[in-house]
Structures are given as C-alpha cells and as structure tokens.
Amino acid sequence: MPVLLLLSVSAFALVTGLAAGLRLGRGFRRAEVSEDAGSLPPIPPTWEDGLAGDLDAAVSRGQLFLVHQPKTHARTGEVVGMEALVRWLHPEHGLIGPNDFIHIAEARGEIRRITEWVVRQALMEQRSLAICGHPLACSVNISACLLADRDFGAWLLETVRDASAPFGLEITETAMIADSERALANLHSFAKAGLRIAIDDYGAGLSSLAYLKQLPAHELKIDRMFVQGLSSSHRDPLLVRSTIDLAHALGMEVTAEGVESPAAMALLRVMGCDHMQGYLISKPLRLGELRAFLDLRGDRGIPMENITFPWRSVDGKDWIRRRAAGDKE
C-alpha cells in the first residue's frame with residue numbers, strides 16, 4: 001500500500017476517535033457545529049413540545065422556505081453548485097433551523113412530507129436559476145429515516161427525472177446503520193439514475209471504512225469542526241490532508257465545509273481540496289439573494305471584483321441596501 005494512503009487510513013482512525021471523543025466530552029448539539037444550521041441559536045428545550053404540535057401545519061401554511069449555500073471550485077472560485085437547506089419561519093418563535101425540528105419530524109412521521117416538499121421546492125428554484133442563466137447543480141439532505149424506504153426511493157427517482165441541472169443527495173456517514181442492505185440498494189439505484197451522492201459532515205459521526213467502501217458516493221464533505229481548526233491546530237491539518245488523500249484514492253471529490261478564513265482556504269487549496277463551502281464565500285441565501293450573488297460574478301461564477309458578499313452582516317444591516325447607497329465598506 002502506498003505510504004501516503006497508509007497514512008491516510010491511519011489518520012482515519014484518529015478522525016473517528018477524535019470526533020467521538022468531542023461528542024462525548026462536550027455533549028454538543030449538532031446545531032452548534034453544522035453548516036446547515038447557519039448562525040441560528042438552538043431553541044430552548046421547553047419549545048419542543050409546542051413545535052411538535054405546530055409542525056404538521058408548517059408545510060400546508062407555507063411556513064417553510066429554502067436557503068441555498070453556494071459551493072465553489074477550490075482553485076478557480078467558480079460557483080459549481082449549491083446546497084438547499086430548509087428553514088422554518090414559525091409565526092410565534094420566528095426563524096428555526098433544521099437541527100431543531102428535523103428530529104421532531106422524524107419522531108412524528110412527518111419527515112417524508114417535509115423532504116418531499118424540500119425536493120420539489122429545490123427543483124423549482126434550481127429551474128428558476130437556470131432560466132436566469134445560472135444552471136447550477138443542487139443537492140438536498142436526506143434523512144436516514146428515508147434512506148431505506150423503497151416507496152420514497154421510487155418517488156424521488158420519478159420526481160427528479162426532469163431536473164434542469166445535475167441534482168444530488170447528501171447523507172450522513174451513519175445513515176445506513178438502521179437498514180444497511182435496503183439503504184445501500186436505494187443508494188445504488190440513485191447513483192445509477194445519475195444522482196450525485198455526497199457523504200455529509202464527514203468526521204462528525206462514527207466513521208467506518210467499511211461504509212466508505214460500500215457507498216456509491218461521488219463526494220465527501222469534511223465537517224467544519226476540522227476545517228475551522230486548520231490554522232490553529234497541529235492535528236487538524238494532518239486529519240484533513242489525510243482525509244482528502246483517502247477520498248481521492250477512493251475516487252471521490254472532496255468539499256470542505258465551514259470555510260471562514262482566508263488562511264483555511266489557502267491551506268485547503270495546497271492540500272488538494274476540490275470544492276469549498278462556508279461564510280467566507282457566502283452564507284446560505286434566499287433565491288433572490290442567490291441570483292444577485294451570481295449576477296455579481298462572471299459568466300463562470302467567478303467574482304468580477306475583489307469583494308466578499310456579507311449579505312446579512314452581524315449587526316443586521318442589509319448589505320445590498322448599503323452597497324446601493326454607495327457604502328463600499
């Protein structure tokens with residue numbers, strides 16, 4: 001076995017152990033570290049019972065909406081795709097991130113209904129962007145509860161057949177634990193039909209080389225907890241570089257999540273990372289904001305001027321309004 005790949009496999013075990021230790025030692029909720037959760041704070045535990053009762057009406061009353069996080073080519077900066085993320089605008093509690101209601105939907109049997117809405121809406125917004133001259137690949141997150149569902153699999157294949165651009169699915173590395181045989185069969189059907197399969201939040205769960213070997217995955221997304229420590233930790237660069245090398249050896253592309261500093265971006269480029277997502281590039285954007293973001297870039301999605309795009313700054317001011325008023329920051 002090549003020395004570099006051997007080091008990658010060895011470091012894999014360290015990734016697994018470190019991630020598990022962080023989970024047990026810190027007891028974190030996924031909302032604290034997921035790119036999906038954005039900057040939304042976790043909800044108070046006392047809200048959960050009330051949210052469970054409200055969730056049924058969230059779809060029918062139009063309270064759910066999508067935001068899209070652009071994904072760029074690591075070396076050129078070209079926008080090559082987007083990840084569709086669901087949000088819940090609750091009439092009483094305001095904006096709620098998916099990590100605070102998806103588990104409720106799974107427990108109450110509502111997850112398929114919500115996921116079907118997300119897929120349909122993502123396809124519609126992807127088509128809208130294509131009409132505007134931005135035919136971007138789009139991916140959605142699929143719950144482990146649905147991955148082994150044969151009926152859902154058939155529905156998904158039928159629904160995405162007329163997608164206006166490449167469409168993909170993001171699954172967590174532990175998604176096959178419940179019914180691995182049926183889940184794997186569905187994943188192979190999805191891949192055969194042309195859907196791009198990505199392993200999301202890699203390193204944050206109980207990683208397994210056996211799963212990596214079996215999954216028909218095209219892409220591995222490194223969890224942000226490792227990416228954000230690149231410039232300040234001695235371990236994280238080794239873990240990230242080893243993971244990139246291992247994924248490439250297995251024929252997968254690599255996306256780094258949570259890229260928030262120029263230093264991390266530069267290191268990832270040197271390490272051979274293929275794609276990047278994170279607030280340094282863009283926060284998750286509503287459809288109109290995403291159009292504006294893309295329109296401010298060249299024909300291939302590359303910035304036409306050396307600026308960043310903080311559409312919603314920390315103090316809540318609207319970047320577009322200030323830009324139009326002549327404030328160049």
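The values are calculated or read from the model by the stated rules, or taken from the named source; none is laboratory data. Keep in mind that what you see is a predicted model, and the values were worked out from it rather than measured. Glycine gets a Cβ as well: all are built from the backbone with ideal geometry, and neighbour counts include every protein chain shown. Side chains are part of the model used for accessible areas, which takes the heavy atoms of the whole protein and leaves out ligands, DNA and RNA. Shrake-Rupley method; radii C 1.70, N 1.55, O 1.52, S 1.80 Å.
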Give the residues of region 244-277 that are in contact with a helix residue (DSSP H, G or I) (Cβ under 7 Å, 6 or more places away or on another chain), part of a loop (DSSP other than H, G, I, E, B) and not β-branched (Val, Ile, Thr), sorted by residue number.
Leu250, Glu257, Gly258, Gly272, Cys273, Gln277
Find the residue count for region 124-143, including only residues that are part of a helix (DSSP H, G or I) and in contact with a strand residue (DSSP E or B) (Cβ under 9 Å, 6 or more places away or on another chain).
3
Kindly indicate whether Ser189 is open to solvent by 20 Å² or more (accessible area, probe 1.4 Å), under 22 Å from Leu209 (Cα atoms) and part of a helix (DSSP H, G or I).
yes
Residue check, Ala74 at pLDDT 60 or above, hydrophobic (A, V, I, L, M, F, W, C), under 20 Å from Asp223 (Cα atoms) and buried (at least 20 other Cβ atoms within 10 Å of the Cβ)
yes
Residue pairs qualifying under the 6 Å Cβ cut-off, at least six apart or on distinct chains, with the first in region 232-251 being within 16 Å of Met265 (Cβ to Cβ) and the second being of a type outside the set (A, V, I, L, M, F, W, C), are Asp236/Gly229; Ile244/Gly272
Of everything in region 77-123, what is among the small types (Gly, Ala, Ser), in contact with a helix residue (DSSP H, G or I) (Cβ under 9 Å, 6 or more places away or on another chain), open to solvent by less than 50 Å² (accessible area, probe 1.4 Å) and part of a helix (DSSP H, G or I)? Give them in sequence order.
Ala105
Flagged pairs (Cβ under 8 angstrom, 6 or more apart or on separate chains; first in region 56-80, more than 25 Å from Ala130 (Cβ to Cβ); second part of a strand (DSSP E or B) and open to solvent by 50 Å² or more (accessible area, probe 1.4 Å)) are Gln63/Leu89
With respect to Lys221, is the statement that it is at pLDDT below 90 and either open to solvent by less than 10 Å² (accessible area, probe 1.4 Å) or outside any loop (DSSP other than H, G, I, E, B) (or both) true?
no
Within region 144-182, considering residues that are among the polar types (S, T, N, Q) and part of a helix (DSSP H, G or I), the one modelled with the highest pLDDT:
Thr159
Of the residues that make up region 236-247, is at least one touching a strand residue (DSSP E or B) at 6+ places or on another chain (Cβ under 8 Å), under 22 Å from Lys192 (Cα atoms) and surrounded by fewer than 23 Cβ atoms within 10 Å (Cβ to Cβ)?
no
Residue set Ala144, Ala154; condition open to solvent by 50 Å² or more (accessible area, probe 1.4 Å) and small (Gly, Ala, Ser); output residue Ala154
